[in-house]
Amino acid sequence: MKSIEQIYVNGEFIHPSGEQYQVLINPATEQIIGHVRLGDEQDAKIAIAAAKQAFRTFSRTTVEERSQMLQRLHDAILAKSDRLIQANIDEYGAPKRAATGRVKLAANNLLDTKEALESYNFVQYIGKAKVVAEPIGVIGIITPWNASYSQITAKLAAAIAAGCPVVIKPSELSAMQTQVLTECFHDADLPPGVINVVTGLGHTVGAELTRSPDVAMISFTGSTRVGKEIRRGAVDTMKRVTLELGGKSPNLILDDADFSIAIPTAVSHCFTNNGQACVAGTRLLVPEHRLEEVKQLAKQAVQTITVGNPWSEDTILGPIVTEKQYEHVQRLIQSGINEGAELVTGGAGRPEGLEQGYFVKPTVFANVTEKMAIANEEIFGPVLSILTYGTIDEAIEIANNTSYGLGAYISTPDLDKAVEVASRIEAGVIAINGAGFEMKAPFGGFKQSGIGREYGVYGLEECLETKTITGYDKKQA
Ligand code: NAD
């Protein structure tokens, strides 16, 4: 049983003033594996004060100093890989292979940003003006539970590169993962107050960060509902807000695609991260006359997926993170059945032989229409909805007929056509023929999937303010 009693402020692990405890449950076994003492508004305030104090000197560090800090953070994370992987499996239910990849990704974020920092031009001359990019100030980082490590390090890396101290409020459901990650931060030996970590609830710690006049920016990843709350809450202090929110991403399979590759790829992309990925391609759009073939291929692809114990090397699909999320996924599966979608495979309830744990049957629906909840709502579980189209114009219209705009996927051997289709899709990241994402390039959403971009140079620039200075050159004055 793990007991997490401390938060991290000003370079030290300290007891919070908050006295509320939350239990931590292993989603694969439903056993209580620990508890965490949560910070409160008061704890957020002292963490913000520490960061504000640190800003005075940290904002004046050199690129080389910050570059070394990013390297040390990267190295410290890799040094604790095994413990990070273990916490990700036990607390979140990530299959071992996925957990291993996620820790590497979290560490790589720091090196990618280091590279962006080292080539960044902080000073430009425009006309008679000297234009300087300066750190914006203290940044509040608020993250969800579904990719805790990499969400935190992407935001942290950008802030450190810019010269901004941070107060991190991770998800209260990721306390064990946060604990190990915070130990890595401590090992990296940054100046006190540059990184502060307060695990607590959204409406206490998160809300305090959002309203504090001493926080210049909130970098948030999470649901669109909470993103809207944060944006409203940030208005009074006019702080900058970047939001990485939810999605209902379309996956367009064009008629000339190789369906034997495109359909299994679509299924595995949709079920990535136990189906809990903001960018998952959950709406599969296929030509009407190929539907029967698609259903067969999707069913076969699901049969190859091993669901179960996340510690097993073979497991592809682990459990849903909590009972509450499990019930949410079940409700949406049932709504698909009630609204008349055709169940190709899966359905309500647990997979056979997995009575313990929040496991969901990998589920595929066909004959889904745009009005159905499973075509509109973010399910955040391994559920794929197949919709059909007649013409490419119609496919694009369906793809864009959503309030979200995070990701999109296109399959066709004709790359010119793929790029043309991509140009008409309202989404921030588009992958052609199963390509992976480029983590040095910007990531973020159109429409209600977010504001701003993360990673690489774009992520760094979000954390900078611009200052224009004229009259500095005595000869010109
Ligand atoms: P959530 O919005 O419920 O919570 C996210 C974080 O916000 C948590 O730390 C939570 O404690 C905090 N929070 C809650 N209420 C708050 C408030 N009033 N003020 C300040 N902070 C508050 O999201 P979740 O359930 O943890 O994560 C799942 C959601 O995250 C999904 O919608 C998913 O699409 C989204 N997500 C988006 C991306 C992306 O990059 N676009 C990535 C991962 C997850």
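Here are a few things to note about the model shown:
- Flag for Arg66 being open to solvent by 80 Å² or more (accessible area, probe 1.4 Å) and of a type in the set (Lys, Arg): no
- Unmet criterion (only one of (1) within 30 Å of Leu173 (Cβ to Cβ); (2) assigned to a strand (DSSP E or B)) for Gln124: (1)
- In this entry, Asp82 passes the filter for residues that are more than 22 Å from Phe220 (Cβ to Cβ), open to solvent by 20 Å² or more (accessible area, probe 1.4 Å) and assigned to a helix (DSSP H, G or I).
- Segment 216-225, residues that are crowded, with 18+ Cβ neighbours inside 10 Å and either assigned by TED's automatic domain parsing to the domain that holds His289 or near the ligand (Cβ under 10 Å from one of its atoms) (or both): Ile218, Phe220, Thr221, Gly222, Thr224
- Filtered by the rule that a residue be closer than 19 Å to Cys278 by Cα and of a type outside the set (Val, Ile, Thr), segment 208-229 gives Ser219, Phe220, Gly222, Ser223, Arg225, Gly227, Lys228, Glu229.
- Lys248, sole failed condition from (1) touching a residue at least 40 places away in the same chain (Cβ under 8 Å); (2) more than 30 Å from Glu292 (Cα to Cα); (3) more than 7 Å from the ligand (Cβ to nearest atom): (2)
- None of Ile396, Ile425, Ile410, Ile386 is more than 12 Å from the ligand (Cβ to nearest atom), assigned to a helix (DSSP H, G or I) and out of contact with any Gly (no Cβ under 6 Å at 6 or more places or on another chain) except Ile396.
- Of all residue pairs spaced 6 or more apart or on separate chains, those with beta-carbon atoms under 6 Å, a first member in segment 59-78 that is over 24 Å from Tyr149 (Cβ atoms) and assigned by TED's automatic domain parsing to the domain that holds Gln179 and a second member that is open to solvent by 10 Å² or more (accessible area, probe 1.4 Å) and not charged (D, E, K, R) are Ser59/Pro135.
For (1) within 10 Å of the ligand (Cβ to nearest atom); (2) in a helix (DSSP H, G or I); (3) outside the structural domain of Arg102 (by TED's automatic domain parsing); (4) under 21 Å from the mean Cα position of the chain (by Cα), each residue gets a yes or a no:
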{"residue": "Ser150", "(1), (2), (3), (4)": "yes, yes, no, yes"}
{"residue": "Ser174", "(1), (2), (3), (4)": "yes, yes, no, yes"}
{"residue": "Gln177", "(1), (2), (3), (4)": "no, yes, no, yes"}
{"residue": "Met238", "(1), (2), (3), (4)": "no, no, no, no"}
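- Test for Cys270: is it in contact with a Phe, Trp or Tyr (Cβ under 9 Å, 6 or more places away or on another chain) and in contact (Cβ under 8 Å) with a residue 12 or more places away in the chain: no
- Residue in segment 185-206 that is farthest from the ligand (Cβ to nearest atom), counting only those that are in a helix (DSSP H, G or I) and more than 25 Å from Tyr120 (Cβ to Cβ): Asp187
- For first residues located in segment 96-119 and over 18 Å from Ala441 (Cα atoms) and touching a residue at least 60 places away in the same chain (Cβ under 8 Å), partners that are of a type in the set (A, V, I, L, M) and open to solvent by 30 Å² or more (accessible area, probe 1.4 Å) and lie 6+ apart or on another chain with Cβ distances below 9 Å form the pairs Arg97/Ile316; Ala98/Ile316.
- Condition met for Pro165 (more than 16 Å from the ligand (Cβ to nearest atom) and open to solvent by 20 Å² or more (accessible area, probe 1.4 Å)): no
- Of everything in segment 430-463 that is in contact with a strand residue (DSSP E or B) (Cβ under 6 Å, 6 or more places away or on another chain) and over 22 Å from Met217 (Cβ atoms), the residue that is farthest from the ligand (Cβ to nearest atom) is Asn433.
- Residue match in segment 252-262 (condition: part of a helix (DSSP H, G or I) and in contact with a Pro (Cβ under 9 Å, 6 or more places away or on another chain)): no
The values are calculated or read from the model by the stated rules, or taken from the named source; none is laboratory data. All figures in this text were calculated on a predicted structure; none of them were measured in a lab. Glycine gets a Cβ as well: all are built from the backbone with ideal geometry, and neighbour counts include every protein chain shown. Just the protein is used for accessible areas: all its heavy atoms, side chains included, with ligands, DNA and RNA removed. Shrake-Rupley method; radii C 1.70, N 1.55, O 1.52, S 1.80 Å.
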